[in-house]
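Beneath this line is the structure, given in structure tokens, with notes to follow.
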């Protein structure tokens, strides 16, 4: 289960990085376009030039934020040994949590619980497909 958890976490991190890189490419394209607009302007109105420069500054700021976030995420590593230590201590943490804290945690991972009175079946929908997969694998064991 822990190997699968680590794999799922690495996959999620890769997805997040791909999204950030895509957003960065879009922001860089927008910045390039705005710079091109400024270069092509002949006798621009002051208001229009100010508007483009404001958009350019915002785009450059966003691109900088994205680069920092990408670097931060790239430094994240999913260490299976650390994950194992964390999960082994989870039972103790769960026992130490009060009912309200346990309820809050469950609300963060469980989307809904259903009950079919005709069949007596209980169904649980999770907010994350990865959590669902992990729970199903554990239930098989």
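Is it the case that some residue within segment 101-108 is more than 20 Å from the chain's Cα centre (by Cα) and either at pLDDT 90 or above or more than 28 Å from residue 11 (Cβ to Cβ) (or both)? So that I can check it myself, show each step before the final result.
Here is the first cut: in segment 101-108, the residues more than 20 Å from the chain's Cα centre (by Cα) are 101-103.
Cutting the leftovers down to either at pLDDT 90 or above or more than 28 Å from residue 11 (Cβ to Cβ) (or both) gives us 101, 103.
The answer is yes, given that some residue of segment 101-108 is more than 20 Å from the chain's Cα centre (by Cα) and either at pLDDT 90 or above or more than 28 Å from residue 11 (Cβ to Cβ) (or both).
Would you be able to tell me the number of residues in segment 53-75 that are in contact (Cβ under 8 Å) with a residue 12 or more places away in the chain and surrounded by 12 or more Cβ atoms within 10 Å (Cβ to Cβ)?
Of the residues in segment 53-75, 12 are in contact (Cβ under 8 Å) with a residue 12 or more places away in the chain and surrounded by 12 or more Cβ atoms within 10 Å (Cβ to Cβ).
Please go through segment 94-115 and pick out each residue that is within 16 Å of residue 126 (Cβ to Cβ) and either touching a helix residue (DSSP H, G or I) at 6+ places or on another chain (Cβ under 6 Å) or surrounded by 12 or more Cβ atoms within 10 Å (Cβ to Cβ) (or both).
105, 109, 110, 111
The values are calculated or read from the model by the stated rules, or taken from the named source; none is laboratory data. Predicted, not measured: the structure shown is a model, and the values here were computed from it. Ideal geometry is used to build each Cβ from the backbone, glycine not excepted, and the neighbour counts take in all protein chains shown.
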